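Structure, as structure tokens:
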Amino acid sequence: MSNIVRDSEVVELTGPPFFSFGEKVRANRTIRNDGTYAGKEVGEIIAKKGEVGYVVSIGTFLQQFYIYGVEFLESGNRVGMKRKELEPVLAREELEDLPLPEEAAP
């Protein structure tokens with residue numbers, strides 16, 4: 001487990017959740033049971049890379065991250081995932097680059 005990447009500097013809760021309830025998402029990496037998924041062996045795959053699902057819940061973890069409960073269609077598993085483990089299926093407009101009304105020139 002020496003290849004664990006720590007993201008302790010990231011605090012997502014200062015802004016709104018990236019994904020919305022009901023949004024169609026795709027796992028961008030394979031997710032294995034770390035021992036917290038009941039009924040599956042530790043190390044068993046619970047979401048395959050590329051598997052598509054829908055956001056069914058949004059929670060938080062360690063007062064730092066949003067955790068998206070995703071119901072995956074192929075496996076039928078409901079998995080809690082971080083933003084970095086998901087990508088939207090449908091293209092989205094990036095609103096971050098748009099100027100705020102008070103920043104716009106008159």
Report task. Would you work out the charge dipole size for the stretch 1-86 about its Cα centre, treating the Cβ of every Lys and Arg as +1 and the Cβ of every Asp and Glu as -1, and quote it to the nearest 20 debye? Result -> 160
Requested in this report: May I ask for the distance between the Cα centers of the stretch 9-25 and the stretch 44-74, given as a whole number of Å?
Outcome: 11
Report task. Please work out how much length the chain gains when fully extended from GLU71 to ARG83, using 0.36 nm per residue of separation minus the C-alpha to C-alpha distance, in nm with one decimal. Result -> 2.8 nm
Report summary line: Excluding ligands, DNA and RNA, the carbon-plus-sulfur percentage of the accessible area of the stretch 16-58 with a 1.4 Å probe reads 51
Requested in this report: Sort 14-26, 60-72, 30-42 for me by packing, meaning the mean count of neighbouring Cβ atoms within 10 Å per residue, highest on top.
Outcome: 60-72, 14-26, 30-42
**Report entry** the stretch 1-81 - Rg over Rh from alpha carbon coordinates, Kirkwood radius
**Finding:** 0.97
Query raised in the report: Given labels modelled 7 Å from the Cα in the Cβ direction, how far is it in nm from ARG26 to VAL42?
Result: 3.3
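The values are calculated or read from the model by the stated rules, or taken from the named source; none is laboratory data. What you see is a predicted model, and the numbers here were worked out from it, not measured in a lab. Glycine gets a Cβ as well: all are built from the backbone with ideal geometry, and neighbour counts include every protein chain shown. SASA here: full protein model, heavy atoms, side chains in, ligands and nucleic acids out. Shrake-Rupley method; radii C 1.70, N 1.55, O 1.52, S 1.80 Å.
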